[in-house]
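Chemist: Quick one: the structure is below, questions incoming.
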Amino acid sequence: MPQIRIFHCDDSAAFTRLVAHWLDEHGDIEHVGAAHTGDDAIAAIGPSQPDVVLLDTMGSPGDTALLRRIRTAAPRARVIVYSGYVSLLDEGALGVEADAYVEKGDDEDALVVMIRAVAASPAGGS
């Protein structure tokens, strides 16, 4: 079964470990790394070559810059904004459109469904 390579950028180390545990339960998903700052994420994303990046955001201006840097570091990767603040974001509010948005309050199955859907979609992003 093909692997969907996931990289997770979130300021909470405990949360990234929890998500990695959830994802390990799915044979088609491989958690290839996590970072807890934007700079650490950019340094690790290129070498890990993920198919999908999960990006925590709080709707701050720094999020837009980070999303652009992710697109540069891994141009083929899709980006899912995975945040507790998704409901506050209008489409395009980051200035660079993510491929999908998932609220952290949703159950883990919603995240897995979205990962699979986004990974199967054509690469790109805005």
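Values quoted throughout were computed directly from the atomic coordinates according to the rules given, and no laboratory measurement underlies them. All values reported here derive from a predicted model rather than from experimental measurement. Here Cβ is always computed from backbone atoms with ideal geometry, including for glycine, and neighbour counts include all displayed protein chains.
Chemist: With a cut-off of 8 Å between alpha carbons and a minimum separation of six or more residues, what is the relative contact order of segment 10-120 in percent?
Modeler: 23 percent
Chemist: Can you list residues whose amide H is under 5 Å from ILE29's amide H, if they're 5+ apart or on another chain and H is modeled 1.01 Å from N?
Modeler: ILE4
Chemist: So if R0 is 30 Å, what FRET efficiency would THR64 and ASP109 give, r being the distance between their Cβ atoms, rounded to the nearest 0.05?
Modeler: In this case the efficiency is close to 0.55.
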